[in-house]
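Have a look at the structure below before the remarks.
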Protein chains: 2
Amino acid sequence: MKKRARRLVLNDVIDATPRAAHFRMEEFDAPAPASGEILVRTIFLSLDPYIGSILRGRHMGERRPGAGDCPPGRGIGEVVASSSPLLKAGDLVRADLGWSELSLVRAEEARLIHRGRAPLSAQLGVAGMPGLTAYAGLKHLAKAREGDHVLISSAAGAVGGAAGQIARILGAERVVGIAGSAEKCALVTNDYGYDACINYKTPDWKDQLKVALPHGADIYFDNVGGDVLQTALLNLALYGRIVLCGLASQYQADERPAGPNPGLFIAKRAQVFGLVVYDYEEQQEEFTRLADDWIASGRLTAHEDRAVGLEQAPAHFERLMLGENIGKAIVVVGRE
Amino acid sequence: MKKRARRLVLNDVIDATPRAAHFRMEEFDAPAPASGEILVRTIFLSLDPYIGSILRGRHMGERRPGAGDCPPGRGIGEVVASSSPLLKAGDLVRADLGWSELSLVRAEEARLIHRGRAPLSAQLGVAGMPGLTAYAGLKHLAKAREGDHVLISSAAGAVGGAAGQIARILGAERVVGIAGSAEKCALVTNDYGYDACINYKTPDWKDQLKVALPHGADIYFDNVGGDVLQTALLNLALYGRIVLCGLASQYQADERPAGPNPGLFIAKRAQVFGLVVYDYEEQQEEFTRLADDWIASGRLTAHEDRAVGLEQAPAHFERLMLGENIGKAIVVVGRE
């Protein structure tokens, strides 16, 4: 075990869109786990939009990190020392490891994981929390069923990419995505098997959407908010279901933009469900097994956007915040 | 049967809040029903907020009435001549009779009704469409259950007044209303049995609401939209249900105001349901019987705001649009 390790810390509190320059690397001595703790060596660090919300103090009441704090982040790692009967050295875990090569974690806050047939890093993406998010929203909230026409925004993202494929697995007849570039749309239709993908940065995208969904959307899975949510609502079928999941449109905004007029929900007899994936934590293990089967049989796939080396995390995260990355953002921090 | 009758017509299309001066009275010859039609003598005319939406061309795609058109309006009347096998002279019906002493109606668009133990006019209010609206939203959409804490806006209105009492009948533990004056709040707590009522025109009403609902609202029945909806959402319990039913806050607005940021729905894991009562038309008769029992046993009551004489309808409607009336607005047009 290394005696010294590296971690990234914040230069200061962040009020605007997080940028690479907001972070600096520092070294620290490997700590010893106190009773009930484990020391974990990070293998993969997952970069996700919710981290940006936490850094800006906008994430469901969590404390905003300040100068010198290591940003949070889910990761997969190997236990290198344990002072808990729950886990032992050599175990693989998924936990909030932060942007760090080594971290102390309370054993009950780490989940023991196992290698499946899919690559290990998939357990941070399509087989992990983003995949579970898509599954919970479609299966438990929107109650997706055979024949549904499904619209998904941020369709090239970690949640959106999984959602389109899972909708299909659940029997959707038509799956249409919305994404922010031609390159993202190509990934969505070619790799994720969507029937169509609309680039919302083209001027006539609202007309394109009408054409792509002539009967409207029975389900709209929203990862964006803002004008995209408003437009999706206008294209919702009567009695359509909406999963509110993400707010990509406001990652860079200074203020929280308003939502659609309630009259639009009324006219469509819409049913709307706010989704927080933490509510489904208990189902993660079962979902990971399910997803592993789907990945192995080729029904579920995901593009990873990998950066290698912890020092790459800030720039990689900045790209995520600016919508420039494609696929699930992962940082390879250590050897598998 | 009278040979001449009176009706109100629009002077012109309406772009702003409807006012009494927008209407004029005219006389016309009593027409004879064509095949399949009935001629109905209006007894009670119901004035409801949706009429304002229709007059401004904002009601779910219905054509906006123009100069010389008689405004729509549900009423209870007596069939005075029939050319349909479905209904005969002397039958009591509920139908869209318009603001008129006599109207031709297609027989299949009129509902035969019967006198219950409650006053006949209740079938336009607490036992009619407004009552059914409250019942459908609470029972079928929000799935109200024993022990719920329920918040209802526009609580002195026809729908809101019924909703509080029906919530209680369905087992609500705590029922809190929001209304626009001390006088309305007194009606809500004294007559409709709400536990508390907040006057949203008092400066500290948001603090009062927090105190009145210390555990938050399990159900919020929204008749208002706007800032009241936003505030209710902040006071929603986790996993709370919201029925979106009415938009009183925008009756006088020129533009459709935005709604709450979707992040607020997400953080609460809210479930939101758009309600249009027309979807429950088939349940009206059953509900009217149920409500008649509740009224007879004193569990359901409603304040009526009656005006006598068709010529009173414009001023009575203006008061409704300005939020100045208290209780269900009814115009007595003819003898019972």
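The values are calculated or read from the model by the stated rules, or taken from the named source; none is laboratory data. The structure displayed is predicted, hence computed values, not measured ones. Cβ atoms come from the backbone with ideal geometry, glycine included; neighbour counts cover every protein chain shown. Accessible surface is based on the protein model in full, side chains and every heavy atom, while ligands, DNA and RNA are left aside. Shrake-Rupley method; radii C 1.70, N 1.55, O 1.52, S 1.80 Å.
Remarks
- Amide H contacts under 5 Å for B:G36: B:S83, B:S84, restricted to partners 5 or more places along the chain or on a different chain, H placed in the peptide plane at 1.01 Å from N.
- Calculated P(r) tail over 19 Å for segment A:213-273, as whole % of Cα pairs: 24 percent
- Tilt relative to chain B, helix B:158-169 - C-alpha long axis, 0 to 90 degrees, to 10: 60 degrees
- Residue of A:G61, A:G193, A:G90 that the Gaussian network model of chain A assigns the largest fluctuation, springs spanning Cα pairs under 10 Å: A:G61
- FRET efficiency, A:R64 to A:R4 (Cβ-Cβ, R0 41 Å, nearest 0.05): 0.90
- Förster-model FRET efficiency, 22 Å R0, A:K210 and B:R256, C-beta, rounded to 0.05: 0.60
- Sorted shortest first, the distances from the B:R306 label point to those of the same residue in the other copies are 8.1 nm; each point sits 7 Å from Cα along Cα-to-Cβ.
- Treating r as the C-beta distance of B:E26 and B:R306 and R0 as 25 Å, the FRET efficiency rounds to 0.55.
- Segment B:53-165 gives an Rg/Rh value of 1.04, both radii derived from C-alpha positions and Rh following Kirkwood.
- Most mobile listed residue (A:A156, A:A127, A:A81) in chain A, GNM with C-alpha springs under 10 Å: A:A81
- 18 Å cut-off, amide nitrogen to a point 7 angstrom out along B:A182 Cα→Cβ, residues in segment B:196-231: B:196-206, B:208-209
- Between segment B:81-131 and segment A:1-77, the alpha-carbon center distance in angstrom: 69 Å
- Highest-fluctuation residue, A:R299, A:R58, A:R319 considered, GNM on chain A with Cα pairs under 10 Å: A:R58
- Classification of segment B:148-232 by its C-alpha gyration tensor yields a rounded form. The axis ratio a/c (a ≥ b ≥ c) stays under 1.5.
- 3J(HN,Hα) couplings calculated from phi for segment B:258-267 with the Karplus curve 6.51 cos²θ - 1.76 cosθ + 1.60 (θ = phi - 60°) are, in sequence order, 6, x, x, 4, x, x, 5, 5, 5, 4 Hz; Gly and Pro show x.
- Pairs spanning more than 27 Å between alpha-carbon atoms, out of A:K3/A:K328; B:K88/B:K328; A:K139/B:K210; B:K184/B:K210: A:K3/A:K328; B:K88/B:K328; A:K139/B:K210.
- Principal axis box of chain A, alpha-carbon based, largest edge first, Å: 61, 42, 32
- Rounded to whole Å, sorted largest first: equivalent-ellipsoid semi-axes of the protein assembly as shown, Cα gyration tensor: 57, 26, 21
- Peptide A:275-287 has a mean shielding of 1, counted as Cβ atoms of other protein chains within 10 Å of each residue's Cβ.
- DSSP bridge pairs, the protein assembly as shown: antiparallel proportion in percent, nearest 5: 55 percent
- Take B:K210, move 7 Å from Cα toward the beta carbon, and the resulting point lies 4.6 nm from the same point in each other copy, nearest first.
- Buried accessible surface for the A/B chain pair comes to about 2300 Å², total over both chains, computed with a 1.4 Å probe.
- Shape of segment A:217-336, Cα gyration tensor, a/c cut at 1.5: oblate
- In a DSSP loop and with at most 15 other Cβ atoms within 10 Å, the GluC sites (Glu not before Pro) in segment B:1-82 are B:E62.
- Cα-based radius of gyration for segment B:100-203, normalised by 2.2 N^0.38 Å, reads 1.24.
- Label geometry 7 Å along the beta-carbon vector: A:E285 inter-copy distances in nm: 5.6
- Carbon plus sulfur fraction of accessible area for chain B, probe 1.4 Å, in percent: 49 percent
- Each Cα pair under 8 Å and six or more residues apart adds its sequence gap; the mean of these over the residue count of chain B is a relative contact order of 19 percent.
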